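Comments concern the structure below.
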Amino acid sequence: MSKIGIIGGGIIGLSSAYYLAKAGHQVTIIEQSDLKDGCSFGNAGMIVPSHIIPLAAPGMISKGIRWMFNSTSPFYVKPRLSSDLIKWGYQFYRHATKEHVNKSIPALKELSLFSKAQYQQLAKALPFDFGYHERGLLMLYQTRETEHEEGETANIANDHGIEARILSAEEVQKLEPDVKVSVRGGVYFPGDAHITPQALVTQLIKFLKDKGVVFLKNTVVNDFVVEQGKIKSVLTSNGEHIFDEVVIATGSWSGKVAAKLKLSLPMQAGKGYSFLLHNVEKNIRIPSIFLESRVAVTPMGTTLRFGGTMEITGVDHSISMNRVKGIVDSIPRYYPEMKVAIPEVDKIWHGLRPCSPDGLPYIGRSREIKNLVMATGHSMMGLSLGPGTGKLVSEIIGNEKTSIDIRMFNPERF
Ligand SMILES: Cc1cc2nc3c(=O)[nH]c(=O)nc-3n(C[C@H](O)[C@H](O)[C@H](O)COP(=O)(O)OP(=O)(O)OC[C@H]3O[C@@H](n4cnc5c(N)ncnc54)[C@H](O)[C@@H]3O)c2cc1C
């Protein structure tokens, strides 16, 4: 049994704690916030083995540039003189190729399916309900151009054994009998699932506490003492802590935290927003993504969550009402009978997605620092990949053969 310090109490840190505690380790989570909110709470809750194409893909740069000049569009990069952003942008550009996509697909697919399998087990094993449903995902489109693009994505998915069904507008409507849908068509991925993320995260924290995991809340990790290639102690705003093994699961902050150890972990925060519609009488049954506006819509009981935008603006917590308006305006275009008002600013949630420049997470043990494991950079899929990543972290720390090949996720690849 080892003493493990996990830095970061988001879905990745919590999932790692779950599997490490289960393996008999003594686990402490160090978290700078009060653990009441964060990127892992208000996201769209989608578990998406359908998403096998990384963010760094051909066409993303030209699309991004077009979106940059529209203040209600789903994507924005704040131009700023930051060497981290410039290096990240260069790596993104280098990886937005067909070769990179082809190499990444098998690795992402395996991790996604592995993580979904962990969710299936968690839904049975955990003594609380977190709204796990396997109803699939509908990718909805309105233009011929998007129909073509999504059709290609569906073909790639089918070629890799992920079932994707191309549907006409009528077939989409049949899947959603209670809500009028206005689309040219859609692609249905029956293998996807969804949860209510805040139900999972808040109850998992309580569960882990009951199992003996120690939570050091409102505690910032500021630095490390490294001796002979190992972390000797972790220096926090509340004193020094000693562990046998340390896990960095600090999401969007990971680049800064790794830099304290002189490690290069390129990371940018991709800010997104979400809000809820309560007491929805006629709710959708299947989560959907409006492809043209990149808005994710997830039914969670009687509520409906809308989420979207990707703003690369650094660790920045401001709310852009223009982009929220972009999300709101898209709703009646796809669900014409759903009239949604722009929410008050205090009802708008935001989260910072930890984005690596090649669209792949960082999962693995450091070669430079022997008792360090990194688990971060899951971008738009951290919730989906959380339990799978947590299980892998536990296997790495236990010096076991990992359940899947993790070489593509090498945290020291940049
Ligand atoms: C609008 C939106 C919708 C999304 N929808 C989905 C979805 O449907 N499906 C999906 O899979 N993913 C989705 N995501 C992405 C997902 O939410 C993230 O990938 C995931 O939450 C990242 O988890 P994490 O644990 O890596 O990071 P976080 O949840 O950010 O946790 C990292 C923690 O580390 C702490 N920390 C940082 N630095 C320090 C330090 N120095 N000391 C102590 N603590 C520190 C932070 O306070 C933070 O709590 C969405 C994101 C957004 C914004």
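So which of Ile12, Ile29 is open to solvent by less than 10 Å² (accessible area, probe 1.4 Å) and either within 13 Å of the ligand (Cβ to nearest atom) or among the hydroxyl-bearing types (Ser, Thr, Tyr) (or both)? Steps first, please.
Numbers: Ile12 fails: open to solvent by less than 10 Å² (accessible area, probe 1.4 Å).
Selected residue: Ile29, the only one of Ile12, Ile29 that is open to solvent by less than 10 Å² (accessible area, probe 1.4 Å) and either within 13 Å of the ligand (Cβ to nearest atom) or among the hydroxyl-bearing types (Ser, Thr, Tyr) (or both).
Look at (1) within 27 Å of Pro197 (Cβ to Cβ); (2) crowded, with 16+ Cβ neighbours inside 10 Å; (3) modelled with pLDDT of 95 or more; (4) not basic (Lys, Arg) and you find that Thr72 fails only one, number (3).
Examine the stretch 166-180 for a residue that is over 23 Å from Ile53 (Cβ atoms), open to solvent by less than 60 Å² (accessible area, probe 1.4 Å) and within 16 Å of the ligand (Cβ to nearest atom), and state whether such a residue exists. Among the residues of the stretch 166-180, not one is over 23 Å from Ile53 (Cβ atoms), open to solvent by less than 60 Å² (accessible area, probe 1.4 Å) and within 16 Å of the ligand (Cβ to nearest atom), which makes the answer no. Pairs linking a residue in the stretch 68-93 that is under 21 Å from Arg294 (Cβ atoms) to a residue that is of a type in the set (Lys, Arg) and modelled with pLDDT of 90 or more, with Cβ atoms under 6 Å and 6 or more positions apart or on different chains, are Thr72/Lys325; Pro74/Arg294.
Take the stretch 303-338 and flag every residue that is among the hydroxyl-bearing types (Ser, Thr, Tyr) and away from the ligand (no atom under 12 Å from the Cβ). Thr303, Thr313, Ser318, Ser320, Ser330, Tyr334, Tyr335, listed by residue number.
Does Ala157 qualify as being open to solvent by less than 70 Å² (accessible area, probe 1.4 Å), aliphatic (A, V, I, L, M) and closer than 27 Å to Leu113 by Cα? Criteria met by Ala157.
For (1) open to solvent by 20 Å² or more (accessible area, probe 1.4 Å); (2) within 30 Å of Val225 (Cβ to Cβ); (3) of a type in the set (Lys, Arg), each residue gets a yes or a no:
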| position | (1), (2), (3) |
| --- | --- |
| Ala259 | yes, yes, no |
| Gly272 | no, no, no |
| Glu281 | yes, no, no |
| Val297 | no, no, no |
| Thr303 | yes, no, no |
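Just for strands (runs of 3 or more DSSP E) wholly inside the stretch 197-283: which have at least 1 residues that are out of contact with any Leu (no Cβ under 9 Å at 6 or more places or on another chain) and within 27 Å of Ile319 (Cα to Cα)? Step through it out loud before you land on a result.
On the way: elements: 214-216, 221-227, 230-236, 239-241, 245-248, 268-277.
It comes to 268-277.
Take the residues in the stretch 42-66 that are within 16 Å of the ligand (Cβ to nearest atom) and not in a loop (DSSP other than H, G, I, E, B); name whichever of them is surrounded by the fewest Cβ atoms within 10 Å (Cβ to Cβ).
Met46
Is at least one residue of the stretch 364-372 crowded, with 23+ Cβ neighbours inside 10 Å, within 9 Å of the ligand (Cβ to nearest atom) and over 30 Å from Leu277 (Cβ atoms)? No: the stretch 364-372 contains no residue that is crowded, with 23+ Cβ neighbours inside 10 Å, within 9 Å of the ligand (Cβ to nearest atom) and over 30 Å from Leu277 (Cβ atoms).
Going by the conditions given, is Leu216 modelled with pLDDT of 95 or more and touching a Ser or Thr at 6+ places or on another chain (Cβ under 9 Å)?
Values: modelled with pLDDT of 95 or more: yes; touching a Ser or Thr at 6+ places or on another chain (Cβ under 9 Å): yes.
In short, yes.
Could we say that Ser233 is more than 23 Å from Asp129 (Cβ to Cβ), within 15 Å of the ligand (Cβ to nearest atom), open to solvent by 30 Å² or more (accessible area, probe 1.4 Å) and small (Gly, Ala, Ser) here? I'd like the intermediate steps shown before the answer.
Numbers: more than 23 Å from Asp129 (Cβ to Cβ): yes; within 15 Å of the ligand (Cβ to nearest atom): yes; open to solvent by 30 Å² or more (accessible area, probe 1.4 Å): no; small (Gly, Ala, Ser): yes.
No; evaluated as a whole, the condition is false for this residue.
The values are calculated or read from the model by the stated rules, or taken from the named source; none is laboratory data. Owing to the predicted nature of the structure, the values given are computational and were not obtained by experimental measurement. When we count neighbours, we look across all protein chains shown, and the Cβ atoms used for this are built from the backbone with ideal geometry, even at glycine. Quick note on the areas: whole protein, heavy atoms, side chains included, nothing else; ligands and nucleic acids left out. Shrake-Rupley method; radii C 1.70, N 1.55, O 1.52, S 1.80 Å.
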